Amino acid sequence: MSELVHDFIFAAAARTPLAPALVHGEQRLDYAALADAVHGAAAVLGARLRAPGERVAVFLEKRVENVAAMFGATAAGAVFVPVNPLLKPEQVAHILQDCNVRVLVTSHERLKALAPVLAACPDLRAVLATGLQAGHAVPAGVELAAWEDALDAAACQPTPAAPRRIDADVAAILYTSGSTGKPKGVVLSHRNLVAGARSVCAYLAMTPADRILAVLPLSFDYGLSQLTCAFLGGASVVLINHLFARDIVTAVAAERITGLAAVPPLWSQLARLPWPADCSLRYLTNSGGAMPGATLAALRAALPRAEVFLMYGLTEAFRSTYLPPAELDRRPDSMGRAIPNAEVMVVRADGTPCAPHEPGELVHRGALVSLGYWNDPAKTAERFRPAPGQDPALPLVEMAVWSGDTVRRDEEGFLYFVGRTDDLIKVSGYRISPTEIEEQAYASGLVEEAVAFGVPHPELGQAVVLLAVAGETSAAALLKEYKRQLPAYMVPAHVALRTEPFPRNPNGKIDRPALRMAYLDLFESQSP
């Protein structure tokens with residue numbers, strides 16, 4: 001029998017029905033109650049779907065209904081589309097249009113903002129809203145119902161049989177943040193999600209005793225994996241919609257959290273906060289960018305009993321590498337080696353393997369490679385291409401994800417990030433990684449956040465610009481450190497300091513494209 005992603009919950013409920021599964025505020029569900037919630041959601045959604053594989057969008061903050069709707073959608077034979085709760089109505093409308101959403105699950109408050117754009121979503125058949133109150137208008141032909149009423153009604157009706165699905169079928173579509181252009185929908189099969197959860201659970205050694213704090217958006221593959229991994233391992237998840245980093249520290253202590261995942265900007269904030277000496281954390285994980293060395297050192301000092309897993313992933317392939325905690329002291333700047341059940345290659349433009357320490361493109365093959373971008377064959381063809389090194393006698397070609405990231409591999413197989421292929425800065429013929437420039441800023445101890453990029457230069461080709469968030473230092477002091485530590489061609493031509501944090505994209509990462517574009521606009525406006 002194929003294993004589907006919602007089976008994690010039902011299997012855990014069969015094994016240990018009274019084990020804690022999901023917490024949100026005062027709500028505490030054991031696995032039996034969570035399984036009931038998913039079955040109820042499946043009945044509600046299944047009654048409103050006409051064919052297997054139709055899309056159900058979930059536009060909610062982290063809450064029990066969000067989790068029930070996503071896994072209930074797959075249990076009903078549908079595809080869930082988690083929508084980041086930070087998105088604006090026009091961005092949500094793009095997602096609803098792009099993947100032809102049939103059912104939207106949202107809240108009374110969010111529906112008020114969405115109402116004006118729903119008319120542009122012709123495939124929408126039903127809107128189910130939690131806490132629904134009077135006064136909403138939806139387009140003609142679209143059913144509007146309260147989520148709670150729909151659950152009550154479904155409980156009084158025979159449960160419709162779910163269509164047969166196998167692990168090759170689509171389970172979810174996750175939209176990238178879309179910091180440049182419209183966001184793309186990455187299509188994930190049940191096999192992708194199941195294989196990813198099994199791989200990560202293995203190297204994190206997850207057990208039913210673990211308690212995971214879900215900090216990241218569930219629309220982010222890294223955030224969604226907190227649920228899939230916990231449910232596979234029979235662990236429990238605590239949902240949090242935090243306002244401040246200190247809220248996370250408070251929740252870790254109150255809920256005796258053992259596992260915490262975050263992206264580098266959030267880790268930088270958490271590293272500056274006081275942590276209790278008896279902190280319950282067993283492990284920390286980082287993805288979504290390189291963790292600055294100073295941040296890593298501060299976290300390890302504050303949380304000496306917690307193992308730190310540095311990871312690298314792509315939404316198109318979920319997760320590619322991790323660095324075992326035992327290797328941190330030997331190679332703290334490494335992104336590790338391939339996760340279980342994945343192969344990660346470093347290749348030249350012609351697909352031949354790179355020599356040790358030779359920069360090349362990271363290519364990921366295996367069960368985690370997604371099914372491409374929804375409704376976008378052109379962009380799919382750019383990123384999903386035949387895996388290198390295949391036997392020409394094979395009649396069917398295996399597809400791999402060509403990441404667009406430049407990395408290098410050492411003699412022991414450990415990988416090191418160099419930069420995005422399209423982000424590398426070229427100064428007087430030298431290729432410079434923005435990450436290397438940013439790491440130097442963090443190592444100086446003078447800044448809290450740093451972003452480096454290249455701008456056009458009439459003589460050098462490009463010049464290095466550094467933007468930094470800093471309180472007490474000056475641009476001159478920071479430049480002095482660069483001149484002391486780096487060759488002249490790597491020293492930023494311009495340093496701009498600010499005191500307010502950098503803008504983030506919806507997944508919590510620093511919005512580098514927006515910062516670069518704003519700088520270029522300012523640069524051009526000041527040019528003679």
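Each row is one residue, and each column tells you yes or no for (1) modelled with pLDDT under 90; (2) within 30 Å of residue 218 (Cβ to Cβ).
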site	(1), (2)
433	yes, no
490	yes, no
499	no, no
502	no, yes
512	yes, yes
518	yes, yes
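Any residue in region 252-265 that is closer than 25 Å to residue 26 by Cβ, in a loop (DSSP other than H, G, I, E, B), of a type in the set (D, E, K, R) and over 19 Å from the mean Cα position of the chain (by Cα)?
yes
Note down all Cβ pairs under 6 Å where the first residue falls in region 373-393 and is not assigned by TED's automatic domain parsing to the domain that holds residue 81, the second is surrounded by 15 or more Cβ atoms within 10 Å (Cβ to Cβ) and among the small types (Gly, Ala, Ser), and they're at least six residues apart or on different chains.
374/185; 380/372; 384/372; 387/400; 388/351
Residue check, residue 460 against (1) under 25 Å from residue 345 (Cα atoms); (2) of a type in the set (A, V, I, L, M); (3) at pLDDT below 80, all met but one. Which one?
The number of the failed condition is (1).
In region 360-375, is there at least one residue being assigned to a strand (DSSP E or B), in contact with a Phe, Trp or Tyr (Cβ under 7 Å, 6 or more places away or on another chain) and not charged (D, E, K, R)?
Within region 360-375 (the criterion being assigned to a strand (DSSP E or B), in contact with a Phe, Trp or Tyr (Cβ under 7 Å, 6 or more places away or on another chain) and not charged (D, E, K, R)), the answer is yes, since at least one residue qualifies.
Would you mind telling me which numbered condition in (1) assigned by TED's automatic domain parsing to the domain that holds residue 145; (2) part of a strand (DSSP E or B) residue 53 fails?
(2)
Quick one: in region 1-15, of everything that is in contact (Cβ under 8 Å) with a residue 24 or more places away in the chain and in contact with a helix residue (DSSP H, G or I) (Cβ under 6 Å, 6 or more places away or on another chain), which residue is nearest to residue 209 (Cα to Cα)?
12
Are there any pairs with C-beta distances below 6 angstrom linking a residue in region 197-220 that is on the phi > 0 side of the Ramachandran plot to a residue that is surrounded by fewer than 22 Cβ atoms within 10 Å (Cβ to Cβ), with the two at least 6 apart or on different chains, and if so which?
Every condition considered, no pair remains.
Looking only at residues that are more than 23 Å from the chain's Cα centre (by Cα) and of a type in the set (S, T, N, Q) in region 350-408, which one is surrounded by the fewest Cβ atoms within 10 Å (Cβ to Cβ)?
352
Cβ-Cβ below 8 Å, separation at least six or inter-chain, first residue in region 238-251 and without any contact (Cβ under 8 Å) to a residue 12 or more places away in the chain and farther than 13 Å from residue 508 by Cα, second in a loop (DSSP other than H, G, I, E, B) and not small (Gly, Ala, Ser): which pairs?
From residues that are without any contact (Cβ under 8 Å) to a residue 12 or more places away in the chain and farther than 13 Å from residue 508 by Cα, the pairs are 247/240.
Being of a type in the set (A, V, I, L, M, F, W, C) and assigned to a loop (DSSP other than H, G, I, E, B): is that true of residue 132 here?
yes
Does region 103-111 include one or more residues that are touching a residue at least 12 places away in the same chain (Cβ under 8 Å) and farther than 23 Å from residue 176 by Cα?
Scanning region 103-111, I find at least one residue that is touching a residue at least 12 places away in the same chain (Cβ under 8 Å) and farther than 23 Å from residue 176 by Cα, so the answer is yes.
Taking the conditions exactly as written (farther than 21 Å from residue 184 by Cβ and in a loop (DSSP other than H, G, I, E, B)), does residue 467 satisfy them or not?
no
Just need a number here: residues in region 224-237 that are without any contact (Cβ under 8 Å) to a residue 40 or more places away in the chain and either polar (S, T, N, Q) or more than 13 Å from residue 23 (Cα to Cα) (or both).
3
Do you know which residues across region 474-489 are of a type outside the set (Phe, Trp, Tyr), in contact with a strand residue (DSSP E or B) (Cβ under 7 Å, 6 or more places away or on another chain) and surrounded by fewer than 19 Cβ atoms within 10 Å (Cβ to Cβ)?
Within region 474-489, 475, 479 meet the criteria.
Which of (1) closer than 30 Å to residue 380 by Cβ; (2) not aromatic (Phe, Trp, Tyr); (3) not assigned by TED's automatic domain parsing to the domain that holds residue 372 is the odd one out, the single condition residue 481 does not satisfy?
(1)
In the set 116, 82, 89, which member is closer than 18 Å to residue 53 by Cα and in the same structural domain as residue 174 (by TED's automatic domain parsing)?
The unique qualifying residue is 82.
Which one of 145, 154 is modelled with pLDDT under 95 and farther than 30 Å from residue 310 by Cα?
Testing whether each residue is modelled with pLDDT under 95 and farther than 30 Å from residue 310 by Cα leaves just 154.
Of these, 63, 48, 28, which one is of a type in the set (D, E, K, R), surrounded by fewer than 24 Cβ atoms within 10 Å (Cβ to Cβ) and free of Cβ contacts under 8 Å to residues at least 12 places away in the same chain?
One residue alone meets the criteria, 28.
Kindly indicate which of 451, 346, 401 is out of contact with any Cys (no Cβ under 6 Å at 6 or more places or on another chain), assigned to a strand (DSSP E or B), β-branched (Val, Ile, Thr) and at pLDDT 95 or above.
Going through 451, 346, 401 in turn, the sole match is 401.
The values are calculated or read from the model by the stated rules, or taken from the named source; none is laboratory data. Treat the numbers as computed from the prediction; the structure is a model and nothing was measured. With ideal geometry, Cβ positions are generated from the backbone for all residues, glycine too; neighbour counts draw on all protein chains shown.
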